[in-house]
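FYI, it's all coordinate maths here, none of it is from the lab. In this text the structure is predicted, and so the values were computed from the model without any measurement. Positions of Cβ are generated from backbone atoms using ideal geometry, with glycine treated the same way; all protein chains shown enter the neighbour counts.
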Amino acid sequence: MPTSVGVARVHRQGARTGPTLVLGHGAGGGVEAGDLQAVWSAVAQAGFGVVLLEQPWRVAGKRVASAPATLDVGWREVVDRLRLRGPVVLGGRSSGARVACRTSGVLGAAGVVCLAFPLHPAGRPERSRALELTSVTCPLLVVQGTRDAFGSAKEIRAAARRAQVHALEGADHSLRLGGDPDATRTAREEAAALIVGFLQEVRE
């Protein structure tokens, strides 16, 4: 899908009516991230629409993400062009969650979901991005690991008191639990189930 900042790629499945979840990827990976894939599958199986949006920098094969303002432009243009029917919930993991928060107002989002919101750079809590969370005026769900170096669930709760914050015990910024693949899969399935529940609330 062409945008003014490059060509984006859209993956879409599930219902074409009712609430649709649009998800963006992080700065260090693409839509193949394990937590995004878990949400992608669960949301479609629950009967909702779901879109995974690959930013132009990623489609072009670049290793470094574009500046935040550029990310927002591409995201807004793609969401507008999709002409989605019904309520639109914006979300993503890490950098993608930040984009969803920043654009939620202008795009009229019915809700925002964040996987591993990067509240601050690792080891730099003084460089807080809390304003991006607190500027969201629609319902907001944040799923955060308790061991996330970019901001723990406890830090997110303190920074954004009106957000629904769900802590994944022991999970890191990738929502992994150490080297335990079974525990990691369970945590990501838990995150996906929470998001399905959030979409059900939007539908009602």
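Spin-label model, V106 to T134: label points 7 Å out along the Cα-to-beta-carbon direction sit 2.2 nm apart. Full extension of the chain segment joining A122 with R185 gains 20.3 nm, where the gain is 0.36 nm per residue of separation less the Cα-Cα distance.
A Förster radius of 30 Å combined with the Cβ-Cβ distance from R16 to A193 puts the calculated FRET efficiency at roughly 0.85. Cβ crowding within 10 Å ranks R81, R63, R147 as R63, R81, R147, fewest other Cβ atoms first.
Ranked by how many other Cβ atoms sit within 10 Å of their own Cβ, fewest first, the residues D72, D180, D148 fall in the order D180, D72, D148. Amide H contacts for V51 (H built 1.01 Å from N in the peptide plane; partners 5 or more residues away or on another chain; cut-off under 5 Å): L21, V22, L23. Converting phi to 3J(HN,Hα) with the Karplus coefficients 6.51, -1.76 and 1.60 and the offset θ = phi - 60°, the range 155-165 yields 5, 4, 4, 5, 7, 9, 5, 8, 7, 7, 10 Hz in sequence order, with x at every glycine or proline. Each residue in S41, S94, S4 was given a count of other beta-carbon atoms within 10 angstrom of its own, and listing them fewest first yields S4, S41, S94.
Distance between the pseudo-spin-label points of R162 and E201 (7 Å out from Cα toward the beta carbon): 1.4 nm.
For the chain, pairs of C-alpha atoms spaced more than 25 angstrom apart make up 30 percent of the total. A Förster radius of 41 Å combined with the Cβ-Cβ distance from T146 to V59 puts the calculated FRET efficiency at roughly 0.75. Reported to the nearest whole Å, the Cα centre-to-centre distance from the range 161-183 to the range 1-49 is 20. Taking amide H as placed 1.01 Å from N in the peptide plane, the amide H of A8 sits under 5 Å from that of T3, each at least 5 places away or on another chain. Amide H contacts of G111 (H built 1.01 Å from N, in plane; Pro and chain starts excluded): L90 sit under 5 Å, all sequence-distant by 5 or more or on other chains.
With bins 5 Å wide beginning at 0, the percent of Cα pairs of the range 1-100 falling in each bin runs 3, 14, 27, 26, 18, 9, 2, 0.
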